[in-house]
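Remarks on the structure that follows.
The values are calculated or read from the model by the stated rules, or taken from the named source; none is laboratory data. Model, not experiment: these values are computed from the prediction. Don't worry about glycine lacking a Cβ; one is built from the backbone with ideal geometry, like all the others, and counts go over all protein chains shown. Surface accessibility is based on the protein's heavy atoms, side chains included, excluding ligands, DNA and RNA. Shrake-Rupley method; radii C 1.70, N 1.55, O 1.52, S 1.80 Å.
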Amino acid sequence: MKFKAVIFDLDGTLLDTIKDIADSMNAVLLKLGFSPHRTEDYYYFVGEGMKALCEKVIPPGHKTSELITRCVELMKIEYERRWFNNTRPYPGIPELLDDLQKMGIKMAVHSNKPDEFTKLFIHRLFPDVQFSIVLGEKAGLARKPAPDGALYIAEVLKVQPEETVYLGDSEIDMKTAISAGMYPVGALWGFRTAGELINAGARRLLKAPLDLLTIDFSDDLCKIGKEAL
């Protein structure tokens, strides 16, 4: 691998979080007097931060700023209660992180999930992994797909953007990588489709985490087996 660093998205890339997100937000919706959504609907609700999630799940005609603020407050409470019920690393992720660590590749996490949750998840679920920086959504730093967070991470890691793989499972992640001048790689085990990732500019698509270690990056065209589409 010619790259010196890998930046990982969190939800849908390192961790399968969808069931706990759905259960928590549906509990909030019921408290607010609204109907819950199907768990599979949340694959397309998530990715832009907790406020955006609340804006998407609240029915049309009810999206006041006050209600959205209340939704975010309740979601933080409900999610703190439930986040560890089902959330786990995807198969192959622990092995990939261990191999990258042994290779001396710098690693970081970049998420639109609130910073306190992002750091908690990494601390609890990857206690032995030496991430150089773990960054979630926080005041003063634009959310993905803005390049600000990714470029800040590169600065902390002391690597150039072009030396950095950005691995994620959504259009937002691919756009973040491109806007930051990094190498966009799509995770097919996550929440979105191969088509979305390709259309968003992914240069490589991975069927499994350990595939990252076997890629020949000399060809910049997006390569993927037909069976994965």
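Numbers below:
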item	result
Heavy-atom surface of the range 92-156, accessible at 1.4 Å and reported per residue (Å²)	47
Global geometry of the chain, whether rounded, prolate or oblate, following the gyration tensor of its Cα atoms and the 1.5 cut on a/c	prolate
Built amide H within the under 5 Å cut-off of LYS113, gap 5+	GLU137
Surface share of carbon and sulfur [accessible, 1.4 angstrom probe, percent] for the range 114-206	50
Centre separation in Å (Cα based) which lies between the range 162-201 and the range 21-50	24
The range 29-82 - accessible surface per residue (Å², probe 1.4 Å)	59
Cross-link pairs beyond the 18 Å C-alpha cut-off, checked among LYS56/LYS76; LYS51/LYS175; LYS144/LYS207; LYS19/LYS63	LYS51/LYS175; LYS144/LYS207; LYS19/LYS63
Long-range HN-HN contacts of ARG88 with modeled amide H, under 5 Å	ASP16
Global geometry of the range 169-215, whether rounded, prolate or oblate, following the gyration tensor of its Cα atoms and the 1.5 cut on a/c	oblate
Nitroxide proxy distance, nm - points 7 Å out along Cα→Cβ at SER35 and THR193	2.4
Peptide ranges 162-171, 121-130 listed from the most packed, as the mean C-beta count within 10 angstrom indicates	162-171, 121-130
Gyration tensor (alpha-carbon) shape descriptor, the range 38-138, a/c threshold 1.5	prolate
Highest-fluctuation residue, ASP16, ASP148, ASP98 considered, GNM on the chain with Cα pairs under 10 Å	ASP98
18 Å cut-off, amide nitrogen to a point 7 angstrom out along ARG81 Cα→Cβ, residues in the range 15-30	19-30
